[in-house]
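Asker: There's a structure below that I have some questions on.
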Amino acid sequence: MSNLFDNTVGAPSTSTPSNAYSLGTCFTVSDGSAPITGLAWYRGATGSTAKPSNLRLYGASTTVPEREFNGADIVDSGAVGWQVTPFATAFTPASGVHYVAQMTWPGLVAWYFYSRSSLANPASPYAWDTAGVRRDTEFGSTYPGNQDDALAWLLSPVWGTGTGGGGGLTTGDLQNALADWLISTSDNTHQTDGLPWLTKTVVDAVKVVTDKLGASGSGNNLDWIAGLWRLAGDLTDGEIGLLKLLLDRKDQLTGASGGGGSAFFGPEGTQVSAGVETLLGRSFTLDDLGAAIALLRERLDLSPNLADTTRWTLVDTIEGSADALVNVQADAYFFNIKAIPSSHPQMGVAATLWVPRWGWVAPRVHAHFRQRQFTDIFPAVFTVDGLFMDGILVHALPGFEWVCECYTLDRS
């Protein structure tokens, strides 16, 4: 992308006013063939305060900006160089309008500028404003009032594509940055080995550790490994000591017979792996253990809270009258009377329905019926010792209507 300073070369000047300023760069365009895609400002130094608090593009109106960014919306990599905040949609400038790119710069922080005599003409269709390239207002944060042709702040619209940038970077800047990278004291005193400074410090530390191996390649136990871990910073001294102790007692890992071991011991001092082998060698087999577990799964403790949908699932609801076979597999059947003949006795007991001698229910397990179950308090739940049932046989006197909800229990 392009900006107003692309054709200007040389290092910019700096100034550090004590107060905040509203700064503006003034420009015009001859046509709208190159829409403005964002605003760019030049960061000449690192640091959290060396940046503007807002960016704006003013055109025909000096009170309402065409585009505006504030605070965290302003793009800032933190590195020295041009920082570009893009528009969500490009802005097409009009010919003959005096435009101002504006930013508010904090006090006591250096800003960057060129003298008017140093400026080269920007790429067409953009041009410096003939009324003056600079605007500024002390203590201001909106449209800058004072305009002259003495200086140009490093603030610009951007247009087109590419990386662009322009201005502010010199050969001396590159040499100083390279020296800082090569050595922390910037004097490059170790230049003969050709290593960047941080790389050299790590390599030197590794060399100290590996020297412990000696000419024969044998070190003092595991001290050289411990040194490498300390260098990486992944283990504390206490953790390294425990690791060395564990490796010294390698039989706990491999087992005395070579068949595998365990580094864990029970409270009686017995190695866990040996205890497991002893347990498995007793009178029962894995098949016996599996059968026992399967039996326990079938003999579930059924005290059903059927409202607990995390454990109970309603699989079907059957309504009927008189005699019927509810042919639905379930762990529990929630049974209730819907209609009672007027001639049949019924009574409410503590707000609970009592219907004597209405009929009976017989659960079916493995395709065979078990003993009939008689109940006269409703609603009722029918189960059989925690077994999974095939269904229930219902016998009701004529005139009775009933409903049966079939629930299964989560066995996982």
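The numbers here are math on the coordinates, done by the rules we state, and not lab data. Remember, predicted model here, so these are calculated numbers, not experimental data. Ideal geometry is used to build each Cβ from the backbone, glycine not excepted, and the neighbour counts take in all protein chains shown.
Asker: In whole percent, what relative contact order does the stretch 19-129 give with Cα contacts below 8 Å and a gap of six or more residues?
Answerer: 47
Asker: Computed FRET efficiency, Cβ-Cβ of Leu306 and Lys338, R0 22 Å: what is it to the nearest 0.05?
Answerer: 0.75
Asker: By its C-alpha gyration tensor, with a ≥ b ≥ c as the square roots of the eigenvalues, how is the stretch 2-169 shaped: rounded for a/c under 1.5, else prolate for a/b larger than b/c, else oblate?
Answerer: Here the stretch 2-169 falls in the rounded category.
Asker: If the label point is 7 Å along Cα→Cβ of Phe374, which residues in the stretch 333-366 have backbone nitrogen under 20 Å from it?
Answerer: In the stretch 333-366, the label zone of Phe374 (backbone N under 20 Å from the point 7 Å along Cα→Cβ) covers 335-337, 341, 344-349, 353-364.
Asker: Please report the spacing between the Cα centers of the stretch 124-144 and the stretch 314-392 in Å, no decimals.
Answerer: 90
Asker: Need one word for the stretch 312-409: rounded, prolate or oblate. Basis is the Cα gyration tensor (sqrt eigenvalues a ≥ b ≥ c); a/c below 1.5 gives rounded, then a/b vs b/c decides.
Answerer: prolate
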